[in-house]
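Take a look at the structure below.
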Amino acid sequence: MPNVVLITGAAGWLGGLLAHALRDDPKTPDVQLILADIVEPKAPDGNKAVTIKADLTDKAQVEALFDTPLGIPDTVYCMHGIMSRGSEDDFELGLKVNIDSVRLLLETTRQKTPPGQLIKFIFTSSLAVYGGPLPEVVTPSTIATPEGAYGMGKLTSELLVNEYTRRGFIDGRILRLPTVVVRPGPPPPPPPPSSPVRGPFSPGCIRIIREPLKGLETTCPIGDSLASPELDSLAAWLASPQTTVRNFVIAKHVPASAFYPHTRVVYLPGFTATVRDELDALEKVAGKEVVQLVKFKDDPVNRRIVKSWPAKFDIEYPLSLGFVVDEGGMEPIVRQFKKDVEEGRA
Ligand SMILES: NC(=O)c1ccc[n+]([C@@H]2O[C@H](COP(=O)([O-])OP(=O)(O)OC[C@H]3O[C@@H](n4cnc5c(N)ncnc54)[C@H](O)[C@@H]3O)[C@@H](O)[C@H]2O)c1
């Protein structure tokens, strides 16, 4: 039997990378992909794939994902969503996409599961579920108390995935991702007011690496100048796209019995970097004159959201499950992104 994998949010950044990674996974050489997104997704060359343009807030369009020539998927990657600032700025849209449509997908997966099978349901969550007073180092038992609509939506959906797993409706796996850097492409244009889609918006400092490496000026939303103490105190929990996507593939292969019995939540390994670390890495890789392309304009909404997220985690549990971590911090990531820019991939 070939492996059939459904990816929602497949036209997005990580969904697109995952489709390629699954195609190249030696453990499933015959994988077949069902790729769905509200924007027409693009299939990677090689394996059999079906692409579907679908609004996943609509029941009929969700049901159609289980009615393709590829049949019922054995794994669902639930990755569509409205990103952090998008769901903070448009509360109703965030609820509809980040909670209601995830519930719809869970319930449809349950209804469509053939007797005697259990579909793996891999949900991409975020460290935005954390907030409030946090310990110096987050552990698997740290309670998640989000301080934003995005984190609240992710946490609500996590509870549903856990409950559906406990009841034996699905085999859920919940991945709390670090902030993934460096996102390629220009910042998305503002969507038309009637559109249900918001482009991705990261409150992190991706633009302070990406735009300067493309020779463009950019604005750092944290601090007022290169001397600002905020650059040293504001830290983030980061991972490269390569490692993140590798971990998505690993998530499919972790035996169900390896997870804690009471929860399927796993935060993925990452590393801690301050805004200053990011700028230092940029200087090392590209030189001082490139760092001078970074201008500063403090954005209190960004700062508040990012500050509420933890920046240090104990990664013993995710490592014990077989997940992997970036070695070497920001510098190799900036180097890789510079190469991607030079070779036209970013
Ligand atoms: N990129 C990160 O740093 C990061 C960090 C933590 C968690 N995550 C999570 O990982 C997942 C993928 O992130 P990404 O960076 O690739 O996001 P992305 O914004 O690039 O992709 C999300 C996709 O969801 C699609 N979408 C939105 N509403 C939809 C709808 N109603 N119906 C169908 N599709 C819809 C969008 O069109 C988009 O292609 C998301 O669940 C995100 O919350 C990402």
Is there a residue in the range 88-95 that is within 11 Å of the ligand (Cβ to nearest atom) and either within 30 Å of Arg304 (Cα to Cα) or open to solvent by 40 Å² or more (accessible area, probe 1.4 Å) (or both)?
yes
Determine whether the range 97-104 contains at least one residue that is surrounded by 24 or more Cβ atoms within 10 Å (Cβ to Cβ), among the hydrophobic types (A, V, I, L, M, F, W, C) and within 17 Å of the chain's Cα centre (by Cα).
yes
The lone exception for Val341 - which of (1) within 29 Å of Glu88 (Cα to Cα); (2) part of a helix (DSSP H, G or I) it fails:
(1)
So, first residue farther than 14 Å from Glu107 by Cα and part of a loop (DSSP other than H, G, I, E, B) in the range 58-83, second residue modelled with pLDDT under 95 and open to solvent by 50 Å² or more (accessible area, probe 1.4 Å), Cβ within less than 6 Å, six or more apart or across chains; the pairs are Ile82/Arg198; Met83/Phe201
Given the criteria under 22 Å from Leu18 (Cα atoms), more than 10 Å from the ligand (Cβ to nearest atom), surrounded by fewer than 21 Cβ atoms within 10 Å (Cβ to Cβ) and modelled with pLDDT of 95 or more, does Leu118 qualify?
yes
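Hey, can you tell me all the residues within the range 139-157 that are within 15 Å of the ligand (Cβ to nearest atom) and either surrounded by 22 or more Cβ atoms within 10 Å (Cβ to Cβ) or hydrophobic (A, V, I, L, M, F, W, C) (or both)?
Ala144, Gly148, Ala149, Tyr150, Gly151, Met152, Gly153, Lys154, Leu155, Ser157, listed by residue number.
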Residue in the range 23-75 that is surrounded by the most Cβ atoms within 10 Å (Cβ to Cβ), counting only those that are within 26 Å of Leu95 (Cα to Cα) and among the small types (Gly, Ala, Ser)
Ala36
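One line per residue, one yes/no per condition, for (1) out of contact with any Ser or Thr (no Cβ under 7 Å at 6 or more places or on another chain); (2) at pLDDT 95 or above; (3) open to solvent by 30 Å² or more (accessible area, probe 1.4 Å); (4) under 23 Å from Leu17 (Cα atoms):
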site	(1), (2), (3), (4)
Phe271	yes, yes, no, yes
Pro300	yes, no, yes, no
Phe313	yes, yes, no, no
Pro318	yes, yes, no, yes
Ile333	no, yes, no, yes
The helices (runs of 4 or more DSSP H) lying entirely within the range 262-310 that contain at least 3 residues which are over 19 Å from Pro178 (Cα atoms) are 275-286, 288-291
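The values are calculated or read from the model by the stated rules, or taken from the named source; none is laboratory data. Being a predicted model, the structure only gives us computed values, none of them experimental. Methodologically, a virtual Cβ is constructed for each residue, glycine included, from the backbone with ideal geometry; neighbour enumeration extends over all protein chains shown. With ligands, DNA and RNA removed, areas are computed over all heavy atoms of the protein, side chains included. Shrake-Rupley method; radii C 1.70, N 1.55, O 1.52, S 1.80 Å.
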